[in-house]
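Working notes for the structure below.
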Amino acid sequence: MTTPKNYLDMTRPEARDILLAAGHKAFRAKQLADWVYGKGVTDVAMMSNIPASVADDLSFLTSSIAARTDSRDGTTKLLLDLHDGCQVETVLIPSPSRVTACVSTQAGCAVGCKFCASGLGGLQRNISSGEILEQLIHLRQASGTAPTNVVFMGMGEPLANYEATVAAVRAIIDPERFGISARRVTVSTIGLPAAIRRLAGEDMAITLAISLHAPTDELRREIIPSAAKHTIDEILSAAGEFYQARKREITLEYVLLAGVNDAEHHARNLSRLARRLRCNVNLIRYNPVESLTFAPSSKNATDAFINTLRENGTNATLRQSRGSDIAAACGQLKTGSRG
């Protein structure tokens, strides 16, 4: 007996071909998509119009929930066991206007940002597009709420797992699968110029976010050692090509670290970079990580930083931290964490 293939790893034509080869009618493909993508149902026994034999050919969840933690602010974090023992975390962030799913693209991370928990154990492996999409299913089943927005800001570097990330995005924005608007999908990258240029050629009107975190190459290399591979100029040049191709403004993400990158001159330099592409700057409060020595910027320093950006013509916002009490906020996700 053959092992069932992961349905969420497949395109719609691939799933249809599997069903046809197994002797099922073509209309079963649409029915199945309605259950899995539309309703978040992955148990064939609960699919009233689907033959039980479909489970012989297709599997719908290859991962399982190892732990769930819920924040006082309504955020939910899930630790997932993958089929081979690797683990990833994924987060659901509800708000009055949207329900945002934060998904991981790798088990662990090789980037090595010194202020981030995800890279503490290094990179275990890339995960498949289906394993990315399973996070959306688990979050929906755990909360009873379907995400309206998706951010690729969990564990890992999305563009270092390019094919799986793009395949997952295509499923998310496909009207016959998850059906989420491309404008509600954000892919965050540390800045891989070749991959950014490649992404510019994809027909997807998603938002691109660059995790910059420093306004100079020298400082960036200190807090992100792997940043030595590419200069800020190279990254912004690639981002400019993305903007020209997709006509979507770029977001620069910037974690404020007390005494490291939060001075007035840092803000002025950051504003000069942002004006090159008419970028928005998304400032992030540093969320403490056990064993790391960084501290969040004070309120006064944060306010002064924002004011300097705005005075220099840069649109800047301060991201509201959610889920920090359960280590679910930006920079706190890691493998083997149980809340």
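Every number in this text was worked out from the coordinates using simple rules, so none of it is lab data. All values derive from a computational prediction rather than experimental measurement. Here Cβ is always computed from backbone atoms with ideal geometry, including for glycine, and neighbour counts include all displayed protein chains.
Figures for the structure shown
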| quantity | calculated |
| --- | --- |
| Approximate spin-label separation Lys5-Ala67, in nm, with each point projected 7 Å along Cα-to-Cβ | 3.6 |
| Global form of segment 34-121, assessed from the alpha-carbon gyration tensor, a/c cut-off 1.5 | oblate |
| Segment 157-276: projected area of the alpha-carbon convex hull, averaged over directions, in nm² | 7.5 |
| Burial ranking of peptide ranges 129-137, 113-121 (average Cβ count within 10 Å, highest at the top) | 129-137, 113-121 |
| Additional length obtainable on full extension of the chain from Ser237 to Glu218, 0.36 nm per residue less Cα span | 5.0 nm |
| Between 0 and 90°, nearest 10: helix 12-21 axis offset from the chain longest Cα axis | 20 |
| Lys, Arg +1 and Asp, Glu -1 on Cβ, resulting dipole of segment 169-259 about Cα centre, debye, nearest 20 | 280 |
| Ala295 long-range amide H proximity, modeled H, under 5 Å | Ala258 |
| Cysteines without a disulfide-compatible partner [the chain; Cβ-Cβ under 4.7 Å] | Cys86, Cys102, Cys109, Cys279, Cys330 |
| Relative contact order (%) - criterion: Cα under 8 Å, at least six apart; region: the chain | 16 |
| Alpha-carbon spread of segment 64-326, three principal axes, descending order, Å | 47, 40, 36 |
| Cα-based helix-to-principal-axis angle, 264-277 vs the chain, degrees rounded to 10 | 50 |
| Inter-probe distance in nm under a simple model that places probes 7 Å from Cα toward Cβ, at Thr293 and Ala52 | 6.2 |
